[in-house]
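The values are calculated or read from the model by the stated rules, or taken from the named source; none is laboratory data. Source: prediction; values computed, not measured. Glycine also receives a Cβ, built like all others from the backbone with ideal geometry; neighbour counts cover every protein chain displayed.
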Amino acid sequence: MDISDIYTQLQKEKERKNLEKIQKGFYQKISELIKKYRKQLDLYKTQNKEYKELESTINKIQDSISDLINIRIKKIINMTLLEVKEDLSAIDQENLQEEEKMFYSILKNLILSYKINVENQILNGEEIKTEDFYKYINIYSVNLENKIEKDILIINKDLPKIVGTNGRIYGPFKVGDIIILDKEMAKKLENTKIGTLIN
């Protein structure tokens, strides 16, 4: 990994509309490269020619990576908006770094919650459910942080109390409620069209 690889990746990203595939661990390798160069800088006792050249190289790498990340963030945002609006798959997650996958997942769920709890209420002339918007985001954040083996659903039909696979009683639920259930129960509700998975 060197600065030429970074320039090549940046140029590809600038020229093409879709997200370019980046080698696995690309950002981590760049971070390690910058760390290596910084350690080399620390070895110089004076800011001589070699010092300044190395410092310039670090600055060029940082500028290029910042440009690359910003371009990719913009693409992810625009394509995620398209996915939510048209209910389609616009992003090939194989082209995302692990850090970008996390960003994409959070962004998509944030937009979905906003459209469900704010936009839909506006369009239907109903009270805006900002509290439900925040509630869902908090639920999703906790679920993500703890890596719980559960799924998040939106309820499509009014549902009385139900007994989960773990023996616990859930509900009743109303249309539009956002809930977390174990994966097996969530799948059953989705298969019967009672709920829609959104995570």
Matching residues in region 30-59 (within 30 Å of Ile91 (Cα to Cα) and either surrounded by 13 or more Cβ atoms within 10 Å (Cβ to Cβ) or at pLDDT 95 or above (or both)) number 3
Options Lys85, Lys75, Lys147, Lys135; residue that is basic (Lys, Arg), within 30 Å of Tyr7 (Cα to Cα) and either over 13 Å from the mean Cα position of the chain (by Cα) or at pLDDT 80 or above (or both): Lys75
Quick one: in region 2-26, of everything that is loosely packed, with under 14 Cβ neighbours inside 10 Å, over 23 Å from the mean Cα position of the chain (by Cα) and of a type outside the set (Ser, Thr, Tyr), which residue is farthest from Lys75 (Cα to Cα)? Asp2
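Is at least one residue of region 187-197 over 21 Å from Val84 (Cβ atoms) and at pLDDT below 85? Full working, then the answer.
From region 187-197, those over 21 Å from Val84 (Cβ atoms) are 187-189, 191-192, 194; that's our starting set.
Add one more test, that the residue is at pLDDT below 85, and what stays is none.
No, every residue in region 187-197 fails to be over 21 Å from Val84 (Cβ atoms) and at pLDDT below 85.
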From Lys21, Lys14, Lys45, which residue is farther than 24 Å from Tyr104 by Cβ and out of contact with any Gly (no Cβ under 9 Å at 6 or more places or on another chain)? Lys45
Looking at Asn166, is it assigned by TED's automatic domain parsing to the domain that holds Tyr104, more than 23 Å from the chain's Cα centre (by Cα), of a type outside the set (Val, Ile, Thr) and at pLDDT below 80? yes
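Provide a single number: the residues in region 63-100 that are part of a helix (DSSP H, G or I), more than 23 Å from Ile178 (Cα to Cα) and touching a helix residue (DSSP H, G or I) at 6+ places or on another chain (Cβ under 7 Å).
Applying the first criterion (part of a helix (DSSP H, G or I)) to region 63-100 yields 63-86, 93-95, 98-100.
Going one step further and asking which of them are more than 23 Å from Ile178 (Cα to Cα), we end up with 63-79, 93-95, 98-100.
Still in the list and also touching a helix residue (DSSP H, G or I) at 6+ places or on another chain (Cβ under 7 Å): 64-65, 67-68, 71-72, 76-77, 93, 99-100.
Residues in region 63-100 being part of a helix (DSSP H, G or I), more than 23 Å from Ile178 (Cα to Cα) and touching a helix residue (DSSP H, G or I) at 6+ places or on another chain (Cβ under 7 Å): 11 in total.
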Filtering region 45-70 down to residues that are within 17 Å of Ile30 (Cα to Cα) and β-branched (Val, Ile, Thr) yields Thr57, Ile58, Ile61, Ile65, Ile69
